[in-house]
Structure formats: structure tokens, C-alpha cells
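S.K.: Got a structure here, written out as C-alpha cells. Questions coming.
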Amino acid sequence: MFFYFVGLDVHKQVIAYCVMDGAGNIIREGKVPATREALNAWVQTLPGPWHGAMEATMFSHWIYQHLRPYAAELKMGHPAQMKAITAGKKKTDRLDARTIANLLRCNLLPECFVMPPELAAMRQQLRFRRTVVRQATDFKNRIAGMLMGAGVEYEKKRLHGKKYFATLTAHNEWITKQTRPLLQFSRQQIETMEKMDKQLMKMLERQPQIARRVEALKTIQGVGPVTALTWALEVGTPARFRSIDNAVSYCGLTSAHKESAGRQIHGPISKQRNAHLQSALIECANLAPAHNEKLAQIHQKELDRGAKANCATIEVARRLVRYLLAVDRAYFASLGQSAA
């Protein structure tokens, strides 16, 4: 069957498109408003069955899900690799759409994984929960800072307990009338965010799509519900990883590697990573050796050979990725699904 190839350069308000045939001839190009109604009308004007592609941006996913039923095949381009391909002296929306269409036509598009919509919705909840926890921590630090600034003595481990905080601030003569409402407001925000945190965790743990998978991941000693949920919702499916090294790199646990004229340079941990998954794994790696004997041995081995504590923690995190990937693949295999 003859297919047309459509390149889409996606923006918040407008989408530039280019329609090519198999020989590379431009059939049509232009712009369409980035709304569902405009896209519905636009797809009706296409000359025939088509394959489409677009670059991954924060606006791309809803467009991808909306257009996928209309296309014979729809792909999402890897953003980092697409930047290198489209870099040039002249860069316009029209030229970008042409380039994407040409890459698709020649089967050279650097494709990236697209999260299924049901998992994407849960991932959004989990990332929102991370924001809630971060904001609660910020308010706790502000409370401690205001008390230290006022010269108020307190027990660090008990400070954020509800009863202790109320007793500490009730009739303390060193807390001024200007500072007291700030402390009370901060405490209210902490309680609200902690309540929201518990609600979000309950909602996610009870989701039937991932409940059994999370339980399987939690069988690894040292892996708790937050780490298991983060892995399941940020990874989507282990089939996206060609190898263990690919998974470790995606988690942001490998250093940047550059080579020129036979000289190799290893930099710090690369910033091309999934920051949410990296943060969860490193936090887990700090605590897991206390609950997992094998991880404790790995941590101690790194320290014995002269590695710094942070480097030893990263090595534990790398081993955690191996364990999580192996358990996840076994879980999908038990369901009769490929995860290789």
C-alpha cells in the first residue's frame, strides 16, 4: 500500500506540518492550530493513508494520543537526538517539519518510547506527590530557620511532631507576634501536604494496573513502595531497554563519556537522565544496605577500595537497577508478555 509521510513540528499554539510522498516530493505543507477541533478537520484533508512523526515536547503527548487512531503509524522522535539532526544555519518550523518527514520516509527517525496513557496519568500523580513532599520539606526547613533565628531551643527529632510543636510555640516569649503567624501557617501547610501525600500513595498503590507489579518489585529487600512505584511508572515497560547498561544510563547513574583522537574523558554523572527515577534510586541506595546484605557488601567493597561514600552509594543504586530490571522482566514473562 502507498503511504504518505507527515512531519509535525509541534508548538503550544500551532503545529507546522509537511506531507511527502515516498519519493520525497512535498505534497502539502502549512500550519494548523494546536486544538483537537482543528486537528480533526486537518486529518480529513490528507490525501491518503499516512505515517507521521513529531518531536517529543511537553505539548506532544496529547497530540500523539489524539492523532494515533488516524495514522497507520505514528512515532515520537527522541528530543536530544533530534536537536543534533535539525541543528543548522537556518531553522524554521517549516524546515523542521520537512526534516522530520524526510527522516521518517528514510526510516532514520531516532524514535523514543511513548508512555501508555493509563500509566502516564498515574505517573503524573506520582510526580505531583514528589512536588508535595519537596514543598513540605521546604516548609519544615523554614520553621527550623525561623526558630533558630529567634534563638528558640528545640529538639530536632521532635520538632515537626504536632503536639511537640504546639507546646513549643504556645507560650514561648522569644517568638514575636510577627513570627508566630508565619510558624502557624507553615505548620498548617505541612499537615495539608502530608495528608495529600498519604492520599496520593493510597490511590497509586490500589491501582489494579500496577498493584501486582509493585508487589513483585517490593520482594527485593530494601525496595519500598515509593521506589517500586517510581520504577514502574517512570519505566513503563522493561522492554524499552536493550540491555542493563541502557537501563542504568536512563536512570542517570553513568558518567558522560567523550573520546577524541584516542583520548577518553569520563565526566561526572550525566544530566541526560530521568531525574525522578535517579532521585528515588539514590535515596533508596542510601537506606537499602541496612536491609539487604548483598547491597551492604557492595557498599562496603567500594569503601574498602578507596571510593568515596557518594560513589559507593551510586554503585549500590546501579545494582538496584539490575535487580529491579530482572524482577520486572520476570513479572512480564509470567504474564506471557515479552520484556526482552
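S.K.: Taking the options Ala101, Ala80, Ala121, name whichever one is of a type in the set (A, V, I, L, M), under 30 Å from Glu29 (Cβ atoms) and surrounded by fewer than 16 Cβ atoms within 10 Å (Cβ to Cβ). Can you show your working first?
M.R.: Numbers: Ala101 fails: surrounded by fewer than 16 Cβ atoms within 10 Å (Cβ to Cβ); Ala121 fails: under 30 Å from Glu29 (Cβ atoms).
Step by step, each of Ala101, Ala80, Ala121 is checked, and only Ala80 is of a type in the set (A, V, I, L, M), under 30 Å from Glu29 (Cβ atoms) and surrounded by fewer than 16 Cβ atoms within 10 Å (Cβ to Cβ).
S.K.: Can you work out which of the residues in region 86-129 that are of a type outside the set (A, V, I, L, M), without any contact (Cβ under 8 Å) to a residue 40 or more places away in the chain and part of a helix (DSSP H, G or I) is farthest from Val214 (Cα to Cα)?
M.R.: Among residues in region 86-129 that are of a type outside the set (A, V, I, L, M), without any contact (Cβ under 8 Å) to a residue 40 or more places away in the chain and part of a helix (DSSP H, G or I), the one farthest from Val214 (Cα to Cα) is Thr86.
S.K.: Met203: at pLDDT 95 or above and farther than 30 Å from Ala296 by Cβ, yes or no?
M.R.: no
S.K.: Take region 258-269 and flag every residue that is modelled with pLDDT of 75 or more and either within 15 Å of Val248 (Cβ to Cβ) or of a type in the set (Gly, Ala, Ser) (or both).
M.R.: Ile269
S.K.: Could you tell me whether Val248 is in contact with a Ser or Thr (Cβ under 6 Å, 6 or more places away or on another chain) and either at negative phi or not basic (Lys, Arg) (or both)?
M.R.: On the way: in contact with a Ser or Thr (Cβ under 6 Å, 6 or more places away or on another chain): yes; either at negative phi or not basic (Lys, Arg) (or both): yes.
Yes: the conditions hold for Val248.
S.K.: If you don't mind, there's one more thing I want to ask. Filtering region 215-259 down to residues that are among the polar types (S, T, N, Q) and under 22 Å from Gly336 (Cβ atoms), which residue is surrounded by the most Cβ atoms within 10 Å (Cβ to Cβ)?
M.R.: Step one: of region 215-259, the residues among the polar types (S, T, N, Q) are 219, 221, 227, 230, 237, 243, 246, 249, 254-255.
With under 22 Å from Gly336 (Cβ atoms) added as a condition, the list becomes 219, 237.
Numbers: Thr219: 11, Thr237: 17.
So, considering only residues that are among the polar types (S, T, N, Q) and under 22 Å from Gly336 (Cβ atoms), the one surrounded by the most Cβ atoms within 10 Å (Cβ to Cβ) is Thr237.
S.K.: Inside region 44-59, can you point out the residues that are in contact with a helix residue (DSSP H, G or I) (Cβ under 9 Å, 6 or more places away or on another chain) and either closer than 22 Å to Cys106 by Cα or buried (at least 17 other Cβ atoms within 10 Å of the Cβ) (or both)?
M.R.: Residues satisfying the conditions are Leu46, Trp50, His51, Gly52, Ala53, Met54, Glu55, Ala56.
S.K.: Same structure, new question: Got at least one residue in region 19-29 being touching a strand residue (DSSP E or B) at 6+ places or on another chain (Cβ under 9 Å), without any contact (Cβ under 8 Å) to a residue 40 or more places away in the chain, among the hydrophobic types (A, V, I, L, M, F, W, C) and in the same structural domain as Ala71 (by TED's automatic domain parsing)?
M.R.: Yes, region 19-29 contains a residue that is touching a strand residue (DSSP E or B) at 6+ places or on another chain (Cβ under 9 Å), without any contact (Cβ under 8 Å) to a residue 40 or more places away in the chain, among the hydrophobic types (A, V, I, L, M, F, W, C) and in the same structural domain as Ala71 (by TED's automatic domain parsing).
S.K.: Here's a follow-up. Mind checking which residues of region 133-171 are surrounded by 15 or more Cβ atoms within 10 Å (Cβ to Cβ), within 36 Å of the chain's Cα centre (by Cα) and part of a loop (DSSP other than H, G, I, E, B)?
M.R.: His160
S.K.: So how many residues does region 299-326 have that are hydrophobic (A, V, I, L, M, F, W, C), surrounded by fewer than 19 Cβ atoms within 10 Å (Cβ to Cβ) and under 27 Å from the mean Cα position of the chain (by Cα)? Write out each step before concluding.
M.R.: Going through region 299-326, the residues hydrophobic (A, V, I, L, M, F, W, C) turn out to be 303, 307, 309, 311-312, 314, 316-317, 320-321, 324-326.
Within this subset, residues satisfying the condition of being surrounded by fewer than 19 Cβ atoms within 10 Å (Cβ to Cβ) are 303, 307, 309, 311, 326.
After this cut, where a residue has to be under 27 Å from the mean Cα position of the chain (by Cα) as well, the list is 309, 311, 326.
Of the residues in that region, 3 qualify.
S.K.: Further question: Just to be sure I understand, how many residues within region 215-233 are more than 15 Å from Leu320 (Cα to Cα) and either touching a residue at least 24 places away in the same chain (Cβ under 8 Å) or not assigned by TED's automatic domain parsing to the domain that holds Leu295 (or both)? Show your work before the answer.
M.R.: So the first thing to find is which residues in region 215-233 are more than 15 Å from Leu320 (Cα to Cα), and the list is 215, 233.
Those still in the list that are either touching a residue at least 24 places away in the same chain (Cβ under 8 Å) or not assigned by TED's automatic domain parsing to the domain that holds Leu295 (or both) too: 233.
The total comes to 1.
S.K.: Could you check, for region 150-170, whether at least one of its residues is among the small types (Gly, Ala, Ser) and in contact (Cβ under 8 Å) with a residue 24 or more places away in the chain?
M.R.: There is at least one residue in region 150-170 that is among the small types (Gly, Ala, Ser) and in contact (Cβ under 8 Å) with a residue 24 or more places away in the chain.
S.K.: Now for a separate question. If you take the residues of region 68-85 that are within 24 Å of Trp42 (Cβ to Cβ) and not in a strand (DSSP E or B), which of them is nearest to the chain's Cα centre (by Cα)? Break it down into steps so the answer makes sense when it comes.
M.R.: Step one: of region 68-85, the residues within 24 Å of Trp42 (Cβ to Cβ) are 68-77, 79, 82.
Adding the requirement that they be not in a strand (DSSP E or B) leaves 68-72, 79, 82.
On the way: Arg68: 23, Pro69: 26, Tyr70: 28, Ala71: 27, Ala72: 28, Pro79: 14, Met82: 19 Å.
Once the filter is applied, the top-ranked residue is Pro79.
S.K.: Also, I was wondering about something else. Does region 257-268 contain at least one residue that is under 22 Å from the mean Cα position of the chain (by Cα) and in contact (Cβ under 8 Å) with a residue 40 or more places away in the chain? Working first, answer last.
M.R.: Residues of region 257-268 that are under 22 Å from the mean Cα position of the chain (by Cα), as a first pass: 268.
Those left that are additionally in contact (Cβ under 8 Å) with a residue 40 or more places away in the chain: none.
Among the residues of region 257-268, not one is under 22 Å from the mean Cα position of the chain (by Cα) and in contact (Cβ under 8 Å) with a residue 40 or more places away in the chain, which makes the answer no.
S.K.: A follow-up question, please. Quick check on region 273-289. Is at least one of its residues under 28 Å from Gln124 (Cα atoms), modelled with pLDDT under 90 and surrounded by 12 or more Cβ atoms within 10 Å (Cβ to Cβ)?
M.R.: yes
S.K.: For Arg240, indicate whether it is in contact with a Ser or Thr (Cβ under 8 Å, 6 or more places away or on another chain) and of a type in the set (Lys, Arg). Please lay out each step first, then the result.
M.R.: Details: in contact with a Ser or Thr (Cβ under 8 Å, 6 or more places away or on another chain): no; of a type in the set (Lys, Arg): yes.
Considered against the rule, which asks whether it is in contact with a Ser or Thr (Cβ under 8 Å, 6 or more places away or on another chain) and of a type in the set (Lys, Arg), Arg240 comes out as no.
The values are calculated or read from the model by the stated rules, or taken from the named source; none is laboratory data. Quick caveat: nothing in here was measured; it's all calculated off a predicted structure. Note that each Cβ is placed from the backbone with ideal geometry, even for glycine, and that neighbours are counted across all protein chains shown.
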